[in-house]
Amino acid sequence: MNAERYDRQTILKEFGMEAQLKLQSAKVLVVGAGGLGVPVLTYLNAMGVGVLGIVDNDVVSLSNLHRQVLYSEKDINKPKVATAVLKLKEQNSETKIISHETFLTRENALEIIGDYDIVVDASDNFPTRYLVNDACVILNKPFVYGALHSFEGQVSVFNFEGGPTYRCLFPEMPKADEVPNCNENGVLGIVPGIIGNFQALEAVKILTGIGETLSGKLLLIDGLSSNFQKIRFSVNPENLKIKTLQKNYDFDCEVPINSIASDAFQQIIDKNEVQLIDVRTPKEFNRNHFSFAKNIPLSELDERHGEISYDAGIYVICQSGVRSRKAVEKLKGLHANANLINVEGGMNQISKHAIKY
Amino acid sequence: MEVLLFGIAKDIVGRSSFRFEEGDEMPKSVSELKQKLNNSFPDFGKLSSLAVAVNSEYAEDAKILSKGDEIAIIPPVSGG
């Protein structure tokens, strides 16, 4: 380690070389290299965390650039993890960076997280957030939580030194149609930057022991009013007793959903004509879509499901695979015998593999 | 009694806070407040997972409310 590099923080008497060495020997896993992951990775890398793992399987898209400031126009359609690794290595060649070019799943979560000291949950969906929580409880790893909704964000530290977990705040995962995500609801570019930086700060405090973490406290940040609130909450000991992962972290476990991987879907459409319902907003649809796709936004599905032919198979697609899953669930409720297939990972994964639209 | 709304709760009600004034029929407990919100805004009923804080402290449904309380309605948010 080049001591000069970290001089401005090691001269802080509360931090010092002792804390710097703790950062250097730390292994941090960042789940998600998007709006939250980018500031977390950038600062932990700059500040000298020894080992940084990155989990993501998305590609950079044009609509990411207003908030995911590590990526440039030339990175569009490239995998986020590979792109982030290149830039982070340029930023700090002393960090060991480990790529996990996959989404975190029930099958790989325990193995991946097991190698790290702490986790930063920078994901963008509830199934991953509950999976991170349960895996961290099982493996006894603290994790830093951050999440946002349009102009607002939440930050906390979970499962740290016997403190509360995500399930102590929100015991059960909300149902698929309860809470919209950023793709549907929008997000102001700087908000994930603010929340992600708070997450990086919490990670540094956990690793070095300086200051006081947000364990047992939920920080609520409202960007519009610049109001900060801290809510105190306590541990429900039941939530620390998780011993195994749930069988399923998908929305709505009772209804199994047929899914197809994006590459398999593309093989099918090379040879056959299929019925494809694209449930994104008209604006997203106009930006790029399969020529044969029919656009019925998720929000209009209740009124317009009659426009779909239920005699044939119905493929459903959106941007990232979350809304299409909700649409499949909704259509299943309306047409129990329909042959519905969700295209996993949505247009993001399609653009990663190919081109035919 | 002031009620602060976050996330989707703010979107459902259409504002970030509201007050129960002297003379209004005040909810006596957290569960009564939730019931009132469900009655006035049916979309509230869809929120199965909702944290409530009274005076910056997480509160269960049975928590009794009094008139100077500040209540925060905090739905989970997932964005990243």
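Label positions at A:N248 and A:Q9, each projected 7 Å from the Cα along the C-beta direction, are separated by 4.3 nm.
Measuring between alpha carbons in the structure, the pairs from A:K80/A:K217; B:K36/B:K63; A:K332/B:K46; A:K80/B:K46 lying more than 25 angstrom apart are A:K80/A:K217; A:K80/B:K46. Between A:E300 and A:E212, the simple spin-label model (points 7 angstrom out along Cα→Cβ) gives 5.3 nm. Computed from the alpha carbon atoms alone, the convex hull of the stretch A:3-240 holds 125 Å³ per residue.
Our Cα-only numbers for the stretch A:263-312 put the radius of gyration and Dmax at 11.9, 32 Å. In this Cβ point-charge picture (+1 for Lys and Arg, -1 for Asp and Glu), the protein assembly as shown has a dipole of about 680 debye about its Cα centre.
Counting, for every residue in B:67-78, the Cβ atoms of other protein chains within 10 Å of its Cβ and taking the mean gives 6.
Shielding value for A:149-156 is 5, the average number of Cβ atoms from other chains within 10 Å of each residue's Cβ. Peptides B:15-28, A:28-41, A:258-271 ranked from most to least packed, by the mean per-residue count of other Cβ atoms within 10 Å: A:28-41, A:258-271, B:15-28.
Please give the average number of partner chain Cβ atoms lying within 10 Å of the Cβ of each residue in A:30-41, rounded to a whole number.
The shielding value for this peptide is 1.
When the alpha carbon gyration tensor of the protein assembly as shown is reduced to an equivalent ellipsoid, its three semi-axes come out at 34, 32, 19 angstrom, largest first. Per-peptide packing, taken as the mean over residues of other Cβ atoms within 10 Å, places A:301-314, B:29-42, A:191-204 in the sequence A:191-204, B:29-42, A:301-314 from highest down. The residues packed around A:L224, meaning those with a beta-carbon under 11 Å from its beta-carbon, carry a net charge of -1 if Lys and Arg are +1 and Asp and Glu are -1.
Based on Cα atoms of the stretch A:1-48, Rg over Rh with Rh as the Kirkwood radius reads 1.03. Dividing the C-alpha radius of gyration of the stretch B:2-74 by 2.2 N^0.38 Å, with N its residue count, gives 0.99.
Where a number appears in this text, it was derived from the coordinates with a stated rule and is not lab data. From a predicted model like this one, the values you see are computed outputs, not experimental measurements. Note: ideal-geometry Cβ built from the backbone for every residue, glycine included; neighbour counts use all protein chains shown.
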